[in-house]
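**Q** One structure, pasted below without further comment.
What follows draws every value from the coordinates through simple rules; no lab data is involved. Model, not experiment: these values are computed from the prediction. Positions of Cβ are backbone-derived with ideal geometry, glycine not excepted, and every protein chain shown enters the neighbour counts.
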Amino acid sequence: MDSEAAILALAALAQPTRLEAFRLLVSRQPDGVPSGELARLMDVPQNTMSAHLAVLSRAGLIIGERQSRSILYRADLGGFHALTLFLLRDCCGGRPEVCAPLIADLTPCCTPKVLVHG
């Protein structure tokens, strides 16, 4: 990812409704959420939500897939991964020990969960 793409992605996330929509889509991976349901869940008018989703899509953070008469949106985890790596690489300046505490903070939320059958 280059600086221009990172700025576009960060600008897209620098708005409360878009940030909340992106976070909601991440939490609903891999299923995604239809645009109308997303608008209802967030109590945002459909046309306003469509505009926000277009910004997130242009920024490479979400993907829309037409399904019949609606569009199913999913977080583009590849785009989010690229943005995160871009930020961490610049932050670390080639010194992994600088970013180690940031990455360590992710461990509790991102550790694969073991399913218990009972």
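**Q** Assuming R0 = 30 Å, what is the FRET efficiency of residue 10 and residue 50, from their Cβ-Cβ distance, to the nearest 0.05? Each step should come with its number before you reach the end.
**A** Numbers: r = 22 Å, r/R0 = 0.72.
Calculated value: 0.90.
**Q** Then there is this: Skipping prolines and chain starts, which residues have an amide H placed within reach, meaning under 5 Å, of the one on residue 62, given they are 5 or more residues away or on another chain?
**A** 57, 76
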